[in-house]
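For reference, the structure discussed in these notes is given below.
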Amino acid sequence: MTVTVWSAWAVSLAVLGVSVWPLPAKDEPPEKCVFEGSARNSVTRLAVGKVSIRLVPVNGPVGYSGATNAAGIFRFEGILAGEYRLEANRTGFTSDWSLTDRSGRANAKLHFAPGQTVSGNDLWLTPESGIAGKVLGPDGEPLGGAQITLIARKWQAGRRVYVEQHRAETNQSGEYRCTGIAPGRYLVYAGRPGQGPLAHSILEAPGKPEMRIAGRYHPDSAQVDGAAPVEVGAGEELAGIDFRLPLAPVYHLTGKADARAPSENLGIRLDKRSNGEALHWEWETASVAGDGTFDLAGVTPGDYFLYSYQQLSESGRAGLLSGKAPVTMTAQDTAGVVAPPVVQFEWKGRIRVEGGDSAAAIPVLVFCEGSDAD
């Protein structure tokens, strides 16, 4: 295999046009290390070729990258002693891999003493899984454009929450296939089409309630609490997860945006609520008129969170979201609701680096995570 040597600072410094200098020469060159092993499919135990492998230094300045050959063998030579973490990537396999030594013990980090050869390692790769099925409409017709969401139960901030893991869309024959997913247990939700005539409400005759295609959780539940999980193994494709989406009566939620909210590019979002948690795959949106009013149509009865949002780009991908306000819809139109405002604030601080180095020379990303599960 071909091994590439790279500087741990090279990526960020190259962007700035700064040259990366080699390590200063010493009187006696350091003893180099060797790391070798093989990559295997964790299900079939067969060799896996073309696996991209990187040795990333924990504290040192130099990293190494290479790939397994057709027999799944990898070998890194001339490694500087130190501690490294390993990264591995291969199309058709998940990021859930493990590295074991000769004794079968899993290693999260690798430590190389000067002149050491570390051999007999097995890199176990988990093949991706799939879930497939078909979505039919109220009259049994194939429903193209239906939105499919795979949901996992996870621990977050000390409590169990629902987390979206994968999204797909049915073709014109109503068929869908979720590929490239990790093995595990999922809830599967099928929502109505996002575009076209079947995405909107239907009024059959004057005086009758508006109707709309309603989403369902597998096998046939309107609520997430009634969903039954499906389990898919490593490398397995689970087929036959089918749906038939019914028509359900829907209603209007009308009101006004908070006067403190900016009026430009302002919209309203309504997310389904379950046990205090927002389910972001069950949602409705509406624009805010020039006078600050909104009319959110096609809402099924249930518990929701109401938000205001302000788009910051024409694509709608970037925006600001308000705090959330709980709303309960009954089997009738609801009026007079005031949407929470979009409030901006500043958060300032300083990044300090141990040892007195300048923080300006190190690329740093700062994230702010809300205290609520969503």
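First check a/c for the range 138-210, with a ≥ b ≥ c the square roots of the eigenvalues of its C-alpha gyration tensor; if it is under 1.5, answer rounded, and if not, answer prolate when a/b is larger than b/c or oblate otherwise. Since a/c reaches 1.5 but b/c is at least a/b, the shape of the range 138-210 is classed as oblate.
At a Förster radius of 30 Å, what calculated FRET efficiency corresponds to the Cβ-Cβ distance of E141 and H280, to the nearest 0.05? The formula returns an efficiency of 0.60 here. Note on K134: lysines with a C-alpha under 25 Å away, same-chain residues under 8 apart excluded, are K272. What a 1.4 Å probe finds exposed on the chain is 50% carbon and sulfur by accessible area, rounded to a whole percent. In percent, rounded to a whole number, the relative contact order of the chain is 12, using alpha-carbon pairs under 8 Å and six or more apart. Only helices enter this figure: runs of n ≥ 4 DSSP H residues, each worth -39500 (n - 2.57), summed and divided by the residues of the chain, yield -500 deg cm²/dmol at 222 nm to the nearest 500. When the pairs K154/K256; K50/K109; K208/K324; K256/K348 are compared against a 29 Å limit on Cα-Cα distance, K154/K256; K208/K324; K256/K348 fall above it. Model label points for Q165 and T117, set 7 angstrom from Cα along the Cα-to-Cβ axis, are 4.2 nm apart. Residues in the chain average 57 Å² of solvent-accessible surface per residue, probe 1.4 Å, ligands and nucleic acids excluded. Can you classify the range 243-290 as rounded, prolate or oblate using the Cα gyration tensor, where a ≥ b ≥ c are the square roots of its eigenvalues, rounded means a/c under 1.5, and otherwise it's prolate if a/b beats b/c and oblate if not? Judged from the Cα gyration tensor, the range 243-290 comes out prolate (a/c at least 1.5, a/b above b/c).
I want the local charge near R244. Using Cβ-Cβ distances under 9 Å, sum +1 for each Lys or Arg and -1 for each Asp or Glu among the other residues. Cβ neighbours under 9 Å give a net charge of -1.
Residues with beta-carbon under 12 Å from that of A289, excluding A289: net charge, scoring Lys, Arg +1 and Asp, Glu -1? Net charge around A289: -1.
Name the shape class, rounded, prolate or oblate, that the alpha-carbon gyration tensor gives for the chain, where a ≥ b ≥ c are the square roots of its eigenvalues, rounded holds for a/c under 1.5, and otherwise prolate holds if a/b is larger than b/c and oblate otherwise. Judged from the Cα gyration tensor, the chain comes out oblate (a/c at least 1.5, b/c at or above a/b).
The values are calculated or read from the model by the stated rules, or taken from the named source; none is laboratory data. Since we're looking at a predicted model, the values are computed, not measured. Here the Cβ is made from the backbone with ideal geometry for all residues, glycine too, and neighbour counts use every protein chain on show. These area figures cover heavy atoms from the full protein model, side chains too; ligands, DNA and RNA do not enter into them. Shrake-Rupley method; radii C 1.70, N 1.55, O 1.52, S 1.80 Å.
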